[in-house]
Structure formats: structure tokens, C-alpha cells
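S.K.: My structure is below; once you've seen it, I'll send some questions.
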Amino acid sequence: MSKLKKCLFPAAGYGTRFLPATKSIPKEMLPVLDKPLIHYGVEEAIDAGLNEINIILGRGKSAIEDYFDKNYELETELADKPKKLKLLDPINKLISRGTFTFRRQGAMLGLGDAIYKAKTMIGNESFGVILADDVCDSGRYESVMTQMVQIYKKYDCSVVAIMEVPIEKSDSYGIIEGTQIENDVYRVSKMIEKPKPADAPTNLAIIGRYILTSDIFFMLADTKPGAGGEIQITDALQKLAEQGKVIAYKFKGKRYDCGSVEGYVEAINGFYNK
Ligand code: G1P
């Protein structure tokens with residue numbers, strides 16, 4: 001089984017649903033309480049043992065690089081205010097537990113393209129992918145990525161996290177069809193990106209958590225633009241699914257869609273009332 005130490009964060013999109021806020025702030029830096037969205041994802045990756053963090057950036061996203069770096073000026077200013085200095089502990093702990101590598105996507109041709117641009121960073125290893133605007137709270141269970149690592153180790157192939165959604169929302173997600181092989185686990189036979197409800201084979205939707213084997217790069221190399229004119233990771237995964245090499249896992253926990261204003265507000269309330 002291939003090594004699994006890396007986690008990729010595609011963070012290049014414009015975050016148009018949050019304009020004007022995202023005109024000058026990356027959407028991944030919008031806070032849920034006192035931490036930005038991407039903090040939750042990186043913490044989840046590192047907790048799952050994926051401590052080599054690779055982030056694909058777009059232009060105007062350098063605040064993300066700064067967040068995962070030390071801020072000496074701030075720490076010097078707060079040196080004699082230990083209570084305030086302590087507020088930096090959560091991010092400083094993350095920084096000390098992980099390594100951080102950044103790369104620009106350049107032209108933004110879709111999620112599949114952002115992942116393909118990470119080919120040289122990832123090499124010949126399996127890797128996690130976390131979409132930072134999907135924030136997961138697994139409550140009393142292990143984190144969603146930790147749950148997925150266990151599935152990966154058992155089946156030794158690519159894994160996507162799924163949840164049930166109302167069928168009328170199928171056109172917001174990648175939808176899978178497959179054979180149930182154990183409780184909450186499916187061997188995927190078909191994957192469609194954002195089908196209309198009438199064309200959706202099931203209501204099982206992919207959320208922003210993946211573990212991908214490195215053969216995904218071969219599939220991405222000749223994946224043509226699909227839904228929305230973008231290169232879709234779902235279409236590349238479909239080619240692996242045809243070979244029986246994709247598992248879908250219905251994770252335990254709650255996923256907040258922080259890519260939408262409603263989901264973002266729900267996340268803030270959910271975490272505040274925890
Ligand atoms: C992406 C994926 C989609 C997945 C979704 C989960 O879509 O392409 O398959 O269901 O993330 O959040 P996006 O929301 O970026 O349009």
C-alpha cells in the first residue's frame with residue numbers, strides 16, 4: 001500500500017458567493033468563530049496523520065501563506081501580554097506539527113485541474129484532498145479524514161466521503177452510484193458531476209473529502225472539461241470507478257457547506273453552541 005502522508009487543499013477559487021467580502025480576503029480565510037475555514041481542514045488532516053500540507057493558491061490568496069507562517073511582529077508586540085499571546089497557540093501548534101508547501105494554480109480550469117497542478121508536489125503517493133469550505137464536525141466520532149484513512153487502509157484504493165442530500169439538490173454535487181459492501185461503504189460504479197435531479201441515479205453526494213491514489217494523475221491527464229466547462233475530479237474518478245477502484249464512505253458527523261452563506265451561518269451557530 002502506498003504511503004499516505006500528504007493532504008492537498010485546492011484554494012484557488014474566487015469565492016464569488018461571498019462577494020464583496022471575498023474581493024480582498026480569500027474565502028478560505030473567512031472565520032468560523034475565531035479560526036478561518038482552512039484552519040479546521042488543516043487540523044483535520046494533521047489529526048489524521050496527513051501532516052504534509054500542500055496548498056494550491058490563486059492570485060490574491062497570500063493571506064493563506066501568511067496564516068501558516070510565524071508572525072514575529074505580532075508575537076513581539078504581545079510578548080508581555082501572555083493571555084493574548086496564548087490566543088495564537090492553536091495556529092502555532094498546527095504550524096509546528098505540519099510542513100506547508102504552496103503552489104499557484106495559474107489558469108483556473110476547475111477542481112480536477114487544481115489537483116492535477118499538484119502532481120509534482122504529490123509524486124507517486126496516495127494523498128488526501130480537503131475542500132476547506134466543507135467544514136466537518138464529527139462530534140464524538142473520530143474526524144472525517146481519520147475515518148476515511150481507516151477505509152483506505154482496508155480497501156487500498158481511492159475513497160470519497162458521501163452523504164445523503166435531498167434529490168432536488170443533486171445539481172450542486174458529484175453524485176455516486178454503487179453497490180453497498182458493508183454498513184456505510186459502497187463500491188462505486190458510476191459518478192456524475194452535478195446531474196439534474198431527473199438524471200441523478202441516487203441521492204448520495206460527494207462532499208469535500210477525498211483520498212486519492214496517484215493513478216488519478218493519469219486519469220486527470222486526459223480528462224476533458226465537463227460540467228460547467230471545468231475539468232472535474234468526479235470525471236477522472238469515474239475512470240477509476242470503472243475499474244472498481246473507488247470506494248464511497250458515508251461518514252459519521254456533520255458537514256457544513258461553508259461555500260454558501262446559509263451553510264456558513266449554520267456552521268457558526270453549530271460551533272458556537274457546541
Ligand atoms: C465540488 C465537487 C463536487 C462535490 C462538492 C462538495 O463542487 O466538484 O463533486 O460534491 O465539491 O462540496 P463545488 O462545490 O466546488 O462546485
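A quick yes/no check of all residues on (1) free of Cβ contacts under 8 Å to residues at least 12 places away in the same chain; (2) within 16 Å of the ligand (Cβ to nearest atom); (3) assigned to a strand (DSSP E or B):
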residue	(1), (2), (3)
9	no, yes, yes
22	yes, yes, no
25	no, no, no
28	no, yes, no
40	no, yes, no
43	no, no, no
49	no, no, no
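S.K.: With the requirement that a residue be part of a helix (DSSP H, G or I) and either within 14 Å of the ligand (Cβ to nearest atom) or aromatic (Phe, Trp, Tyr) (or both), what does region 221-245 give you? Quick ask: steps written out before the conclusion?
M.R.: Step one: list which residues in region 221-245 are part of a helix (DSSP H, G or I), which gives 221, 227-229, 233-241.
The answer is 227, 228, 229, 233, 234, 235, 236, 237, 238, 241.
S.K.: Take region 62-71 and flag every residue that is modelled with pLDDT of 95 or more and part of a helix (DSSP H, G or I).
M.R.: 63, 64, 65, 66, 67
S.K.: Here is a list: 10, 31. Which entry is within 17 Å of the chain's Cα centre (by Cα), surrounded by 14 or more Cβ atoms within 10 Å (Cβ to Cβ) and at pLDDT 95 or above?
M.R.: Details: 31 fails: surrounded by 14 or more Cβ atoms within 10 Å (Cβ to Cβ).
Criteria check complete, one pass: 10.
S.K.: Just checking, which of 4, 57, 37 is open to solvent by 20 Å² or more (accessible area, probe 1.4 Å) and out of contact with any Pro (no Cβ under 7 Å at 6 or more places or on another chain)?
M.R.: Working: 57 fails: open to solvent by 20 Å² or more (accessible area, probe 1.4 Å); 37 fails: open to solvent by 20 Å² or more (accessible area, probe 1.4 Å).
Unique residue meeting the criteria: 4.
S.K.: When the residues of region 246-263 are narrowed to those that are closer than 18 Å to residue 204 by Cβ and assigned to a loop (DSSP other than H, G, I, E, B), which ends up least open to solvent (accessible area, probe 1.4 Å)? Break it down into steps so the answer makes sense when it comes.
M.R.: Taking region 246-263 and keeping what is closer than 18 Å to residue 204 by Cβ, we get 246-255, 257.
Then drop every residue that is not assigned to a loop (DSSP other than H, G, I, E, B), which leaves 251-253.
Values: 251: 21, 252: 80, 253: 44 Å².
Per the criteria, the residue is 251.
S.K.: Something else now. Given the conditions (1) among the β-branched types (Val, Ile, Thr); (2) exposed (fewer than 12 other Cβ atoms within 10 Å of the Cβ); (3) over 24 Å from residue 261 (Cβ atoms), report the number of the one that residue 16 does not fulfil.
M.R.: Of everything listed in (1) among the β-branched types (Val, Ile, Thr); (2) exposed (fewer than 12 other Cβ atoms within 10 Å of the Cβ); (3) over 24 Å from residue 261 (Cβ atoms), residue 16 misses just condition (3).
S.K.: Of the numbered conditions (1) touching a Phe, Trp or Tyr at 6+ places or on another chain (Cβ under 6 Å); (2) surrounded by fewer than 22 Cβ atoms within 10 Å (Cβ to Cβ), residue 220 fails exactly one; give the number of that condition.
M.R.: (2)
S.K.: Kindly indicate whether residue 190 is within 14 Å of the ligand (Cβ to nearest atom) and among the basic types (Lys, Arg). Spell out how you get there, then give the answer.
M.R.: On the way: within 14 Å of the ligand (Cβ to nearest atom): yes; among the basic types (Lys, Arg): yes.
In short, yes.
S.K.: If I ask for residues that are loosely packed, with under 15 Cβ neighbours inside 10 Å, at pLDDT below 95 and out of contact with any strand residue (DSSP E or B) (no Cβ under 7 Å at 6 or more places or on another chain), which ones from region 83-115 would you list?
M.R.: 106, 107
S.K.: Which condition number does residue 215 fail, the rest of (1) surrounded by fewer than 18 Cβ atoms within 10 Å (Cβ to Cβ); (2) more than 15 Å from the ligand (Cβ to nearest atom) being met?
M.R.: Single failed check for residue 215: (1).
S.K.: Kindly check whether there is at least one residue in region 87-105 that is within 16 Å of the ligand (Cβ to nearest atom) and among the acidic types (Asp, Glu). Step through it out loud before you land on a result.
M.R.: Of region 87-105, the ones within 16 Å of the ligand (Cβ to nearest atom) are 105.
Keeping just the survivors that are among the acidic types (Asp, Glu) gives none.
Checked region 87-105: no residue is within 16 Å of the ligand (Cβ to nearest atom) and among the acidic types (Asp, Glu).
S.K.: Ok, one more. If residue 42 meets every condition in (1) under 18 Å from the mean Cα position of the chain (by Cα); (2) at pLDDT below 95 apart from one, which number is that one?
M.R.: If we test residue 42 against (1) under 18 Å from the mean Cα position of the chain (by Cα); (2) at pLDDT below 95, just (2) comes out false.
S.K.: Continuing with the same structure: Filter region 132-146 for residues that are crowded, with 23+ Cβ neighbours inside 10 Å and more than 17 Å from residue 262 (Cα to Cα) and give the result.
M.R.: Passing the criteria: 144, 145.
S.K.: In region 223-234, how many are open to solvent by 20 Å² or more (accessible area, probe 1.4 Å) and closer than 20 Å to residue 165 by Cα? If you could, list the steps in order and put the result at the bottom.
M.R.: Filtering region 223-234 down to residues open to solvent by 20 Å² or more (accessible area, probe 1.4 Å) leaves 224-231.
When the remaining residues are screened for being closer than 20 Å to residue 165 by Cα, the result is 227.
The qualifying residues number 1.
S.K.: Looking at (1) within 16 Å of the ligand (Cβ to nearest atom); (2) under 16 Å from the mean Cα position of the chain (by Cα), can you tell me which one residue 147 breaks?
M.R.: Failing condition for residue 147: (1).
The values are calculated or read from the model by the stated rules, or taken from the named source; none is laboratory data. Fair warning: this is a prediction, and the values are worked out from it, not measured in the lab. Please note: Cβ atoms are built from the backbone with ideal geometry, for glycine as well, and neighbour counts cover all protein chains shown. Note: areas computed on protein heavy atoms with side chains; ligands, DNA, RNA excluded. Shrake-Rupley method; radii C 1.70, N 1.55, O 1.52, S 1.80 Å.
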